[in-house]
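Accompanying notes for the structure given below.
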Amino acid sequence: MRILHFDLILFLCLSYFCISGQCCFFTCRLYEYHFIAENKSWSEAQRYCRENYTDLAKVFDMTDMSRLRNSTQNQGEAWIGLNNNTGGNRTWHWSLPGVEYIQNDSSWNLNGRYGNEAPGNCGRKRYDNGDKKLADVSCDHTMWFICYDEMKEDKRFYLIEKFMNWTQSQSYCRSQYTDLASGLNQVDGEEMKALFIGRVMSVWVGLFRDTWRWSDGSNFSFRYWDMQLFNDEQSNKTCAMTLLNRSGNWSSDECDKEKPFFCYDDTLILINVNKTWEEALDYCRKSHRGLVSITNPQEQEWVQDKAKNASSPFVWLGLRYSCTLDLWFWVNDQLVCYEKWSKNGTTEECDVAVGMQSGGQCQ
């Protein structure tokens with residue numbers, strides 16, 4: 001891993017992030033939700049949010065859903081920023097928030113369906129001697145599945161020997177563990193392979209594809225559909241709403257219907273001016289709250305999404321190494337409990353600070 005020294009920054013032409021807005025005691029919120037109790041069509045709501053905040057609300061994970069619901073006492077329907085105006089072009093996603101789908105043709109076996117498996121929009125993995133590749137099959141099939149638990153270190157993957165369709169499997173994993181196993185690092189990993197020694201089977205993993213996109217262009221993969229009410233084949237219902245009286249689950253409706261809605265306000269600001277880390281730190285403290293700190297995967301994804309707009313290879317983060325204390329620390333005094341270094345690892349040296357690649361990892 002290459003750590004960025006102060007005297008190299010101008011040469012590398014780096015940008016950096018600031019946080020603005022109010023902070024709670026433990027952490028700065030990178031964004032806030034606002035419930036607007038005015039009935040508008042989806043397009044009118046989108047325009048209102050863009051004029052007064054950032055955009056219609058996007059949702060990263062269940063933590064976001066709790067924050068969204070807690071921002072209002074309303075128990076009706078409300079628009080969110082997900083829509084299906086893509087002309088039918090489906091995109092693959094991993095179910096686990098923050099895991100980005102990267103096309104890898106060698107991981108697929110599109111001719112490897114068995115029995116009555118029809119092509120579909122959900123991904124399953126088959127373990128049968130040399131056949132350990134993915135196939136796209138109908139989400140209505142029932143089969144065993146693999147759950148992932150991010151809170152465990154000794155055992156993170158669980159084979160659930162229950163026959164469920166893909167949506168039921170996802171709901172089960174999210175309620176009992178973290179999510180369906182997601183990402184090639186997980187589904188091709190040695191720990192998962194150990195679950196199938198001596199077995200021949202097909203299992204659901206956290207791979208799906210759909211035509212839904214967020215209003216601001218983000219590729220967040222989190223979905224929270226109420227499958228009793230939602231029908232993805234209803235071509236006239238192309239805008240998403242949250243059903244606050246049904247635990248916040250989502251359904252869709254015709255976009256010209258008038259409903260209240262949720263906006264989000266982004267307090268993360270990309271400053272497109274090249275400065276050294278110390279100059280960036282001083283600027284952010286004077287003009288905003290400070291250089292951004294990342295304390296969990298959710299914040300990592302949010303900052304990573306913003307970093308895609310940078311014109312330079314890297315952006316500064318509020319992380320530096322202290323020789324006196326012999327540790328890495330965030331400038332907002334948060335302990336470094338969450339890390340996402342690039343694959344070459346870290347180097348503890350005096351007078352070094354950290355930038356994020358425009359693609360998302362720390363350097």
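Taking the Cα centre of segment 138-284 as origin, sum charge times position over the Cβ atoms of Lys and Arg (+1) and Asp and Glu (-1), and report the length of that vector in debye to the nearest 20. Let's see the in-between values first.
Values: 15 positive and 24 negative charges, 123 e Å.
Around 600 debye, computed over segment 138-284.
Can you pull the percent of Cα pairs in segment 187-317 with separation above 28 Å? Numbers along the way, then the final one.
Working: 3978 of 8515 pairs.
Roughly 47 percent, rounded to a whole number.
Give, rounded to the nearest 20 debye, the magnitude of the charge dipole that segment 123-167 has about its Cα centre when Lys and Arg contribute +1 at Cβ and Asp and Glu contribute -1 at Cβ. Don't jump to the answer; show the numbers that get you there.
On the way: 9 positive and 9 negative charges, 21 e Å.
The calculation lands at about 100 debye.
Counted residue by residue at 0.36 nm each, then reduced by the alpha carbon distance between them, the extension gain from Ser71 to Asp256 reaches 64.1 nm.
If you rank His34, His141 by fewest surrounding Cβ atoms within 10 Å, what's the result? Kindly include the intermediate steps, with their values, before the conclusion.
Values: His34 16, His141 19.
In order of increasing Cβ crowding within 10 Å: His34, His141.
What is the packing order of peptides 103-110, 301-308, taking the mean over residues of other C-beta atoms within 10 Å and listing the highest first? Intermediate values should be presented prior to the final figure.
Numbers: 103-110: 10.6, 301-308: 20.1.
Listed from highest to lowest mean packing, they are 301-308, 103-110.
Given N residues in segment 91-210, what is Rg(Cα) / (2.2 N^0.38 Å)?
Taking the Cα Rg and dividing by 2.2 N^0.38 Å, one obtains 0.95.
If we count other beta carbons within 10 Å of each Cβ, what is the order of Val187, Val331, fewest first? Write down the numbers at each step before the final one.
Working: Val187 25, Val331 18.
Ordered from fewest to most neighbouring Cβ atoms within 10 Å, Val187, Val331 come out as Val331, Val187.
Remark: the Asp105-Glu38 segment gains 19.4 nm on full extension, using 0.36 nm per residue and subtracting the alpha carbon distance. Excluding same-chain neighbours fewer than eight residues apart, the aspartates and glutamates reachable from Lys133 by a Cα-Cα span under 19 Å are Glu100, Asp105, Glu117, Asp188, Glu190, Glu191. Between Ser311 and Asn185, residue separation times 0.36 nm minus the direct Cα-Cα distance comes to 42.4 nm. When the Cα positions of Ala194, Phe230, Asn245 are compared along the charge dipole of segment 194-249, Ala194 comes out farthest toward the positive end, with charges on each C-beta of Lys, Arg, Asp and Glu.
Any number yet on Rg/Rh for segment 218-267, C-alpha, Kirkwood?
Details: Rg = 11.9 Å, Rh = 12.2 Å.
Taking Rh as the inverse mean 1/r over Cα pairs, Rg/Rh reads 0.98.
Normalise the Debye intensity by I(0) for segment 43-120, one equal point scatterer per Cα, no solvent, then take log10 at q = 0.15, 0.17, 0.23 Å⁻¹ and round to two decimals. Here the Debye-derived log intensity ratios amount to -0.83, -0.95, -1.28.
Dipole magnitude for segment 91-210: computed about the Cα centre from +1 point charges on Lys and Arg Cβ and -1 point charges on Asp and Glu Cβ, it is near 260 debye. Along the Cα-to-C-beta direction of Arg47, a point sits 7 Å from the Cα; which residues of segment 245-283 have their amide N less than 15 Å from that point? Residues passing the 15 Å test: 256-259. The modelled label-to-label distance for the pair Phe163/Asn231, using points 7 Å beyond Cα in the direction of Cβ, is 2.7 nm. Legend: ranking of residues Phe163, Phe230 from fewest to most surrounding C-beta atoms inside 10 Å; resulting order Phe163, Phe230.
With 21 Å as the limit on Cα-Cα distance, the pairs of Lys125/Lys306; Lys152/Lys193; Lys132/Lys152 that go past it are Lys125/Lys306; Lys132/Lys152. Residues of segment 54-86 with an amide N closer than 16 Å to a point placed 7 Å from the Cα of Arg246 along the Cα-to-Cβ direction: 75-80.
For Lys275, the aspartates and glutamates whose Cα comes closer than 18 Å to its Cα, not counting residues fewer than 8 places off in the same chain, are Asp7, Asp351.
Every read-out reported here was derived from the displayed coordinates using simple, explicitly stated rules and does not represent laboratory data. As the structure is a computational prediction, the values presented were derived from the model and not from experiment. Reconstructed Cβ throughout: ideal geometry from the backbone, glycine too, with neighbour counts over all protein chains shown.
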